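A short write-up of the structure that comes next.
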Amino acid sequence: MNITFPDGSTKEYNSGITGLEIAESISPRLAKEVLSVTVNGDLHDLRFPITCDATVILHKWEDAEGKKAFWHSSSHLMAEALQELYPKIKFGIGPSIDMGFYYDVDSPTPITEADLAKIEAKMLELARTGETFVRKDVTKAQAMDTYTKKGDEYKLDLIGGLEDGTISFYTNGSFTDLCRGPHIQSTDIIKAIKLTSVAGAYWRGDEKNKMLTRIYGITFPKKSLLDEYLTMLEEAKLRDHRKLGKELELFHFSARVGQGLPLWLPKGAALRERLENFLKNVQKSYGYEQVITPHIGMKDLYVTSGHYAKYGADSFQPIHTPAEGEEFLLKPMNCPHHCEIYKAKPRSYRDLPIRFAEFGTVYRYEQSGELHGLTRVRGFTQDDAHLFVRPDQLKDEFKKVIDIVLYIFKTLDFKEFNAQISLRDKVNRDKYIGTDENWEKAENAIIEASAEKGLNTVVEYGEAAFYGPKLDFMVRDAIGRKWQLGTIQVDYNLPERFELTYTGADDKQHRPIMIHRAPFGSMERFVAVLLEHTAGRFPLWLTPEQAVILPISEKFNDYADSVAKKLNILSVRCSVDSRNEKIGRKIRDNEIKRIPFLLIVGENEAGEGTISVRKQGDGDKGAMTPEAFAKFIDDLVKTEIKPIE
RNA sequence: GCCGAUGUAGCUCAGUUGGUCAGAGCAGCUGAUUUGUAAUCAGCAGGUCGUGGGUUCGACUCCCUCUAUCGGCUCCA
């Protein structure tokens, strides 16, 4: 029997050998380190006999598959510890996740964060005994029987959803669990354990079900890896946009204004304005026209669009005029307004594509528990645009929008993002409006355009908007949470509902197709993610303050003011730190404020008409005239914003 | 909305078993200093201890309500 390895080499083994034995035959060290094994593309138990020629991959910690097995096994170890500490506990599911694992449990005794240290200690104690993970295959009926006797409704629910056939149990120490595996060979390679948090989670993710307690944890094969991880988490917290937003005085929340309603402070407003102008310029070059629409619209507008039926009950309640009692809704999206602009006059096929852009502020009632800094708010501004196109223009226009998103990401140095194609749920179709035919056309347009643009995409079913499929651009925040930024959506439905038409070359009326798109997603979320990516060190073209002039003493404040005037005229954003403080103090304070350039002026500079330039994190740059410095800044900004290709 | 945790001055945080515990540093203000590349010195002022109830002779401390925030779940036009 031949076993082939990933490097292409082949070795002969006796039939029935296991992955673990193969590792042992290669080296005792590998046998210690191997965490899981892939046989012919499928994950297998390390003790699973291999009986025919196969390709085998032995996974160590360095592999994602190795980590998965390690963390999944750790969740079983935690379950064992929990069972010993809380004998009446029942278990839901306990998978590995991106970083670590969790287990959902139903315990009559509440488990809180205060209990985590105790559970950790128990886990370590059990891990050291070197328990193996022993697999036992049973029939579905036997499995049902086992859990019926135990009175475990969660496991019974899980088994009920499985197909008939073999079901596997894994046992480590005193704990046996329904589990597909695979697992690591022994618990004694789990050397470092940190239970990170407890949280509530609905059974099977359905809010109608009971809420279980979810315990999150992470484990490592070495103590030093845990320390590194904890350090990394600490550093990530320093980049949290909520912390930086406060420190850099960008935005503020007030309970009296209302939760989820950000107040933009002067520096934040300046930053946001610059981002908006940047995008406006890009859009102008792509033929977009700016429009402006009101913050409210009559209820009927949203009844027509279909949004009222879908979200009306879960929205801010209607606003009424005092005399007539007319109902208005706080604008939750801009598309219906833009449809009405399209309808303002007859459109010809020659006019299309028509591209209406607006930085449109919208209000959505998000559940209170869902609010999160600037990334999930109740009032926010979309960098919205709606493109009205002919069918023959759809794919090209979609590709141009992808170009815009990629250009923006490149300019702002977002290297790591995921492009996600969000399609309809395969089964549950009544969540959506529109005909199957149009949905298929829309979905195909997105899939083809993305492929032709060479985008590396993942497809997610059930993630589409209720009126159409989307291409979403996802990025992660400082601690790895995923957020959607840019979105591009194809919509056949709103044009139908608003009876949008254009006159074709055949002199007949035709239906345009709509593309909804927002490359930033929203100004709020984009700024939040940008803050976390840059740790508050914005590119020069964006940063609220590019330079601060630091007079050596108050004697030079007048000279500093004259330099500031000169630089402001030359479009350098700078101010004067005229406080009566020592130069060291001024440097420190302004470094902390992340001002890119510090301009020091004293007797020498005032005499020569120059400024001494100090760059953040890069030290002394020498003296130059204000004019030379302005040119220097201008050149740097030009390297940051590259022309559109 | 649900589960859990937290809420002390503008910010970051101390406050022992309920009894001079309302504090510190930074920021602010005043004065002195007039400074050459990451914190000059001194003084002053700042808080119904998130809100509203309750228990108690007495509550920042214990209990309940509400509210906001944080970690998740659900949701996300």
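The values are calculated or read from the model by the stated rules, or taken from the named source; none is laboratory data. Bear in mind that the values here come from a model prediction, so they are computed numbers and not experimental data. With ideal geometry, Cβ positions are generated from the backbone for all residues, glycine too; neighbour counts draw on all protein chains shown. When the accessible area is computed, the model is the full protein with side chains, heavy atoms only, and any ligands, DNA or RNA have been set aside. Shrake-Rupley method; radii C 1.70, N 1.55, O 1.52, S 1.80 Å.
Just how large is the dipole of chain A about the Cα centre, in debye to the nearest 20, putting +1 at every Lys and Arg Cβ and -1 at every Asp and Glu Cβ? Provide the component values of the computation, followed by the final result.
On the way: 88 positive and 97 negative charges, 212 e Å.
With Lys and Arg at +1 and Asp and Glu at -1, about 1020 debye.
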P(r) over all Cα-Cα pairs of the stretch A:325-411, 5 Å bins from 0 to the longest distance, whole percent per bin, short to long, reads 3, 11, 16, 17, 18, 15, 11, 6, 3, 1
Excluding ligands, DNA and RNA, the carbon-plus-sulfur percentage of the accessible area of the stretch A:175-322 with a 1.4 Å probe reads 54
Expected vector for the stretch A:103-115, Karplus 3J(HN,Hα) from phi with 6.51, -1.76, 1.60 and θ = phi - 60°, integer Hz, x for Gly and Pro, equals 9, 8, 10, 10, 10, x, 8, x, 10, 10, 4, 5, 8
Residue separation between A:Lys638 and A:Asp403 times 0.36 nm, minus their alpha-carbon distance, gives in nm 82.6 nm
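Residues of chain A: accessible area per residue at 1.4 Å, in Å²?
49
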Amide H contacts under 5 Å for A:Phe520, restricted to residues at least 5 apart in sequence or on another chain and with H modeled in the peptide plane, are A:Asp383
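Compute the Cα gyration tensor for the stretch A:526-600, then decide on rounded, prolate or oblate, letting a ≥ b ≥ c be the square roots of its eigenvalues: rounded whenever a/c is under 1.5, prolate when a/b is larger than b/c in the other cases, and oblate in all that remain.
Here the stretch A:526-600 falls in the oblate category.
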Rounded to one decimal in nm, the spacing of the 7 Å Cα→Cβ label points at A:Asn444 and A:Met1 is 4.7
Whole-percent tail of the Cα-Cα distance distribution for the stretch A:9-131, cut at 21 Å, equals 48
Quick shape check on chain A: root eigenvalues a ≥ b ≥ c of the Cα gyration tensor, a/c under 1.5 is rounded, otherwise prolate if a/b tops b/c, else oblate, and it reads oblate
Under a 1.4 Å probe, counting only protein heavy atoms, A:Glu443 has an accessible area in Å², nearest 10, of 30
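Kindly work out what percent of the DSSP beta bridges joining two residues of the stretch A:522-645 are antiparallel, to the nearest 5.
Numbers: 9 of 17 bridges.
That works out to approximately 55 percent antiparallel.
Rank-order A:277-290, A:198-211, A:74-87 by packing density, defined as the average count of other C-beta atoms within 10 Å over each peptide's residues, highest first. Mind showing how you got there, number by number?
On the way: A:277-290: 15.1, A:198-211: 12.7, A:74-87: 22.0.
Descending mean neighbour count gives A:74-87, A:277-290, A:198-211.
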Length gained, A:Glu163-A:Arg579, 0.36 nm per residue minus C-alpha separation, equals 142.3 nm
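With the cut-off at 1.5 for a/c, could you classify the stretch A:11-68 from its C-alpha gyration tensor as rounded, prolate or oblate? Walk me through the numbers before you get to the answer.
Working: a/c = 2.07, a/b = 1.29, b/c = 1.61.
Oblate is the answer for the stretch A:11-68, as a/c is 1.5 or above yet b/c matches or exceeds a/b.
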Applied in sequence order to the stretch A:176-181, the curve 6.51 cos²θ - 1.76 cosθ + 1.60 (Karplus, θ = phi - 60°) yields integer Hz couplings, x standing for Gly and Pro, of 10, 9, 5, 6, 7, x
Given backbone amide H placed at 1.01 Å from N, residues whose amide H is under 5 Å from that of A:Thr18, ignoring those fewer than 5 places away on the same chain, are A:Ile50
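Tell me, what is the FRET efficiency for A:Gln142 and A:Glu234 to the nearest 0.05, using R0 = 45 angstrom and their Cβ-Cβ distance as r?
Details: r = 48 Å, r/R0 = 1.07.
FRET efficiency, A:Gln142 to A:Glu234: 0.40.
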In whole Hz, the Karplus estimates of ³J(HN,Hα) for the stretch A:48-56 (6.51, -1.76, 1.60; θ = phi - 60°; x where Gly or Pro) are 7, x, 9, 10, 9, 3, 7, 9, 10
Long-range amide H partners of A:Leu212, meaning residues 5 or more apart or on another chain whose placed amide H is closer than 5 Å, are A:Ala201, A:Tyr202, A:Trp203
Check: C-alpha center the stretch A:308-384 vs C-alpha center the stretch A:516-548, spacing in Å is 24
Carbon/sulfur accessible area of the stretch A:5-87, % of total, 1.4 Å probe, equals 52
In debye to the nearest 20, the charge dipole size for the stretch A:221-280, taken about the Cα centre with +1 at each Lys and Arg Cβ and -1 at each Asp and Glu Cβ, equals 160
On the accessible surface of the stretch A:460-511, probed at 1.4 Å with all protein chains in place, carbon and sulfur together account for a percent value of 40
